[in-house]
Amino acid sequence: MGQLKFNTAEETSVDIYKDDLLNPDTFPAELHCWKIKWKHGTKDVVLPSTIYETLQLSDVKFFPNVCALLKVLYNLPVFALTNDKCSTAKQRLTAYLEDTPVHHRNKSMALFYINCAIKHDLDSMVEKYLKM
């Protein structure tokens, strides 16, 4: 949000999440108003630097489609795997994303797929859960 860089690709790429929007037909107009709000906002307002900070603003409720899209984007997993030690995890994530249809993807399952070499002891997990 802090950079204020917008392009038309944002409007066209939202087709992936159109089922999550309250009214997808009004999204382009709403996004245009959202852009104008941030480009010509008051100088007293500090620009949010994260999606979480943006969702905490009271003004976001006036833009229901943008709010819904921000909530979806907030829940997407973000990985920056640049280290050589992470190459296996990156390969596993890539394989998961290639092999799984979009409507079946789940961030928890992606993490489970990446960490498939880890052995889980179901008995100890149940014991720890019961102690909570």
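The values are calculated or read from the model by the stated rules, or taken from the named source; none is laboratory data. Just so it is clear, the structure is predicted and the values come from calculations on it, not from any experiment. Methodologically, a virtual Cβ is constructed for each residue, glycine included, from the backbone with ideal geometry; neighbour enumeration extends over all protein chains shown.
Below is a table of values for the structure above.
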{"read-out": "Test set (1) in a helix (DSSP H, G or I); (2) at pLDDT below 85 - residue 82 fails condition number", "value": "(1)"}
{"read-out": "Condition check for residue 78: free of Cβ contacts under 8 Å to residues at least 60 places away in the same chain and touching a helix residue (DSSP H, G or I) at 6+ places or on another chain (Cβ under 7 Å)", "value": "no"}
{"read-out": "Scope segment 14-58; condition under 14 Å from residue 73 (Cβ atoms) and of a type in the set (A, V, I, L, M); matching residues", "value": "14, 16, 21, 31, 51, 55"}
{"read-out": "Set 96, 113: member being in a helix (DSSP H, G or I), in contact with a helix residue (DSSP H, G or I) (Cβ under 9 Å, 6 or more places away or on another chain), at pLDDT 85 or above and of a type in the set (Phe, Trp, Tyr)", "value": "96"}
{"read-out": "Residue that is nearest to residue 23 (Cα to Cα), among those in segment 38-64 that are among the β-branched types (Val, Ile, Thr) and either part of a helix (DSSP H, G or I) or in contact (Cβ under 8 Å) with a residue 24 or more places away in the chain (or both)", "value": "60"}
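The rows are residues; the columns are (1) surrounded by fewer than 10 Cβ atoms within 10 Å (Cβ to Cβ); (2) in contact with a Ser or Thr (Cβ under 9 Å, 6 or more places away or on another chain); (3) assigned by TED's automatic domain parsing to the domain that holds residue 14.
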position: 27; (1), (2), (3): no, no, yes
position: 32; (1), (2), (3): no, no, yes
position: 37; (1), (2), (3): no, no, yes
position: 44; (1), (2), (3): yes, no, yes
position: 52; (1), (2), (3): no, no, yes
position: 97; (1), (2), (3): no, no, no
